[in-house]
2 protein chains.
Amino acid sequence: MKIVMISPNYDTRAWEDALWNENPDLEIEVYPEDTDRENTDFVLAWNPPKDVFDKYPNLKVVASMGAGIRHITKNKSLNAEVIVTKIEDEQLIEDLQYFVLTSVLNYCRNIPQYVLQQQQKNWNRVAYKQPKETRIGVLGLGNIGLPVAQILAKNNFKVSGWSNSEKEIESINTFAGEDGLSAFLKDLDVVVCLLPLTDDTEDILNEDLFSKMPKGAYLINVGRGAHLNESDLLEALETEQLSGAALDVFQDEPLPKDHPFWENEKITITPHTASVTNPASVANQITENYLRLKEGKELKHIISRKKGY
Amino acid sequence: MKIVMISPNYDTRAWEDALWNENPDLEIEVYPEDTDRENTDFVLAWNPPKDVFDKYPNLKVVASMGAGIRHITKNKSLNAEVIVTKIEDEQLIEDLQYFVLTSVLNYCRNIPQYVLQQQQKNWNRVAYKQPKETRIGVLGLGNIGLPVAQILAKNNFKVSGWSNSEKEIESINTFAGEDGLSAFLKDLDVVVCLLPLTDDTEDILNEDLFSKMPKGAYLINVGRGAHLNESDLLEALETEQLSGAALDVFQDEPLPKDHPFWENEKITITPHTASVTNPASVANQITENYLRLKEGKELKHIISRKKGY
Ligand SMILES: NC(=O)c1ccc[n+]([C@@H]2O[C@H](COP(=O)([O-])OP(=O)(O)OC[C@H]3O[C@@H](n4cnc5c(N)ncnc54)[C@H](OP(=O)(O)O)[C@@H]3O)[C@@H](O)[C@H]2O)c1
Ligand SMILES: NC(=O)c1ccc[n+]([C@@H]2O[C@H](COP(=O)([O-])OP(=O)(O)OC[C@H]3O[C@@H](n4cnc5c(N)ncnc54)[C@H](OP(=O)(O)O)[C@@H]3O)[C@@H](O)[C@H]2O)c1
């Protein structure tokens with residue numbers, strides 16, 4: 001009855017408490033102080049170090065401590081047969097819904113610009129946009145992207161969405177695959193990235209994608225930092241192909257002090273705060289999956305190693 | 001067939017165009033260049049000058065160019081029998097709904113604080129609030145206040161409302177009158193003012209009201225500048241009785257350069273931009289009321305001179 005946590009540079013205490021709280025019989029060890037690696041079959045991980053899984057010859061499951069799993073799947077030491085699971089949390093979804101709604105309304109209402117104008121004591125009115133005239137495209141219609149698209153539609157925005165497979169969703173205009181991307185992008189005022197990070201989606205927010213949007217469109221990235229080509233964004237803001245961006249995730253986090261994003265007034269930075277997962281509210285997913293493994297049942301929230309999400 | 005516009009320091013051109021567009025037979029004159037005041041019965045006004053109505057002995061109707069009417073009713077030269085009408089506009093209501101939703105979400109998500117932190121290259125996470133744990137009270141449940149309360153409730157906020165008369169409204173906790181005010185205020189995280197400006201509501205956002213809210217509560221004023229006692233607000237921010245405020249309206253507009261609000265980081269200023277009325281979308285209310293007057297029918301959107309709203 002043991003779970004090993006592998007998450008260097010991470011305060012694991014809240015997770016330990018939450019797991020014990022769910023199941024007091026559970027033994028929890030934290031890498032690199034863990035023992036008896038021969039018999040470890042279940043690991044809970046965030047940013048596991050290079051080669052670390054070589055030390056666990058009988059590993060069966062690696063559970064991510066969050067919604068993202070690429071930090072695990074791209075680790076070359078992970079055997080192809082190991083099951084990888086992610087967190088799916090109602091609260092996380094709701095947090096993302098309201099974070100994106102906030103970002104989109106701030107785009108419509110120019111609030112970051114007014115905050116900066118206030119410092120100049122500048123009473124300058126800027127035209128606002130109404131939701132019903134604002135066309136938003138959501139990249140990724142998964143666990144999070146779909147409810148985000150739905151809350152935007154519920155608030156009168158004109159919403160489209162893009163996914164791998166074709167979908168039919170009420171009040172949302174859907175597009176699928178590489179072939180559907182240009183048609184999806186061509187009429188948008190705002191694009192919101194909620195894709196998972198995979199080989200196909202890494203660097204997807206690049207010059208080519210921006211050039212398919214109408215001039216002056218706006219970008220919101222709440223997926224992962226590696227979705228965005230950061231220098232292409234700076235270039236697109238410079239040429240006014242894009243009018244601005246709200247970014248919650250970055251290639252390097254915390255964003256380095258010398259990063260040009262900090263001083264760019266067209267960019268609104270939030271410190272990866274769209275949703276902060278509360279271990280207490282998701283620990284039961286981990287302990288339940290652990291028991292399922294022991295009982296030979298199918299685990300929940302398994303990702304496809306083949307698709308990478 | 002004549003309407004006289006009395007709105008000094010106001011570019012009347014868009015209104016003239018919009019009225020002509022609705023009714024090309026209509027003659028429109030602009031004060032002080034207007035003629036034959038003896039026979040003028042219908043005036044369209046915004047901030048009419050002191051004593052001006054003395055010049056119109058046969059005035060029957062003064063129509064406001066906006067939702068506010070006190071700039072008309074407090075004019076001592078206005079005869080008590082003159083009918084005063086206001087603008088009621090679906091678009092104005094929708095604009096106010098989304099403006100308040102934006103302000104409340106920014107309170108929850110600390111966006112103005114992040115914009116300021118960005119200037120310091122400061123990657124500092126601040127805890128956010130979820131809508132379902134945020135208690136918002138709307139002062140005024142009228143034409144605008146009620147739909148604002150409803151859109152907040154639809155987005156999971158815990159909403160209460162306060163009005164003169166008692167009401168029953170689905171998903172909204174209602175309170176009425178002076179007697180209900182303390183009970184209404186005592187559990188709120190955020191109070192939103194959408195009262196009309198009257199003798200009773202002038203200066204209502206004052207030390208006494210703030211002291212009835214929980215310590216650290218937040219204020220949003222989208223009513224009128226004269227609802228707020230500006231020095232009481234500064235004092236309440238200083239003592240941390242209030243944690244912050246978002247203000248769209250002010251005693252003096254544009255807000256004077258030397259006003260202490262500009263430099264207060266706990267205050268988010270927008271330049272009276274919650275809703276900007278588009279004459280083209282409301283001119284038909286004016287021309288319709290003009291025809292109703294001519295035909296002896298009851299006018300629309302009449303305010304009670306006795307209640308003052
Ligand atoms: N900023 C934050 O605080 C925060 C917090 C949590 C999560 N996130 C991020 O949110 C993102 C979404 O997570 P999720 O749980 O919603 O993922 P998910 O449930 O796996 O959904 C993925 C969606 O993206 C689509 N997709 C994947 N690859 C695609 C491709 N190559 N082309 C077109 N569509 C593709 C999928 O299409 P199909 O439906 O056709 O498969 C699916 O609709 C992740 O990047 C996660 O890291 C951010
Ligand atoms: N910031 C902007 O850009 C902007 C734009 C448009 C309008 N506004 C402002 O929005 C405000 C609301 O306009 P509206 O059209 O919704 O007004 P309204 O329809 O006249 O509604 C007034 C509401 O306030 C309540 N009320 C009035 N006096 C009260 C008192 N002494 N105590 C308790 N409740 C009282 C009324 O109660 P009962 O229902 O019981 O009568 C009613 O619910 C106005 O101040 C207007 O100037 C601002």
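How much accessible area is lost when chains A and B come together, counting both sides, with a 1.4 Å probe, in Å² rounded to the nearest 100? All intermediate terms of the calculation are to be shown ahead of the outcome.
Values: alone 16380 and 16330 Å², together 27880 Å².
The summed interface area works out to 4800 Å².
Hey, what D do you get for segment B:79-178 in µm²/s if you plug the Kirkwood alpha-carbon radius into Stokes-Einstein at 37 °C and 0.692 mPa s?
Details: Rh = 15.6 Å.
For these conditions, the coefficient is 210 µm²/s.
Sorted largest first by accessible area at a 1.4 angstrom probe radius, with every protein chain in place, the residues B:Y56, A:Y309 fall in the order A:Y309, B:Y56. Given R0 = 51 Å, the distance between the Cβ atoms of B:N21 and A:S165 translates into a calculated FRET efficiency of 0.55. Converting phi to 3J(HN,Hα) with the Karplus coefficients 6.51, -1.76 and 1.60 and the offset θ = phi - 60°, segment B:54-65 yields 4, 7, 10, x, 10, 5, 10, 9, 10, 9, 6, 7 Hz in sequence order, with x at every glycine or proline.
By definition, a body whose alpha carbon gyration tensor gives a ≥ b ≥ c is oblate when a/c is 1.5 or more and a/b is not larger than b/c, and segment B:1-65 fits this oblate description.
Working note: Cα gyration tensor of segment B:90-269, eigenvalues times five, square-rooted, sorted largest first, giving semi-axes of 25, 20, 16 Å. Annotation: A:I93 carries an accessible surface of approximately 20 Å², with a 1.4 Å probe and no ligand, DNA or RNA atoms counted. Under 12 Å of direct C-alpha separation, and excluding same-chain neighbours fewer than eight residues apart, B:K294 reaches these aspartates and glutamates: B:D41. For segment A:1-41 versus segment A:97-144, the inter-centroid distance based on Cα atoms is 42 Å. Within the shell of other residues whose beta carbon sits under 9 angstrom from the beta carbon of A:R224, the net charge comes to 0, with Lys and Arg scored +1 and Asp and Glu -1.
Accessible surface for the protein assembly as shown, divided over its residues, is 45 Å² per residue with a 1.4 Å probe. When only alpha carbons of the protein assembly as shown are considered, Rg and Dmax amount to 28.7, 102 Å.
Based on every Cα atom in chain A, Rg and the maximum pairwise Cα distance Dmax equal 21.0, 68 Å. The charge dipole of segment A:90-269, taken about the Cα centre with unit charges on the Cβ atoms of Lys, Arg (+1) and Asp, Glu (-1), comes to about 1160 debye, rounded to the nearest 20. If you only keep lysine pairs separated by 8 or more in sequence, or across chains, how many in segment B:90-269 come under 15 Å at the Cα atoms? Here the count comes out as 7. The orientation-averaged projected area of the convex hull spanned by the Cα atoms of segment B:180-251 comes to 4.1 nm². Of all chain A residues, the one whose Cβ lies closest to the rotation axis that maps A onto B, given with that distance rounded to whole Å, is A:V115, 2.
The residues of segment A:131-172 listed by number as losing at least 50 Å² of accessible area in the complex, against the isolated chain and with a 1.4 Å probe, are A:K154, A:N155.
Taking segment A:242-309, how much of its Cα-Cα pair set, in percent, is spaced more than 19 angstrom apart? Walk me through the numbers before you get to the answer.
Values: 1355 of 2278 pairs.
Of all Cα-Cα distances in segment A:242-309, 59 percent exceed 19 Å.
Roughly speaking, what is the centre-to-centre gap between segment B:248-285 and segment B:60-93 when only Cα atoms are used, to the nearest Å? Here the answer is 20 Å between Cα centres. Neighbours of B:F42 by Cβ distance under 10 Å: Lys/Arg scored +1, Asp/Glu scored -1, total +2.
The values are calculated or read from the model by the stated rules, or taken from the named source; none is laboratory data. These numbers were taken from a predicted model, which means no experiment stands behind them. Ideal geometry is used to build each Cβ from the backbone, glycine not excepted, and the neighbour counts take in all protein chains shown. With ligands, DNA and RNA removed, areas are computed over all heavy atoms of the protein, side chains included. Shrake-Rupley method; radii C 1.70, N 1.55, O 1.52, S 1.80 Å.
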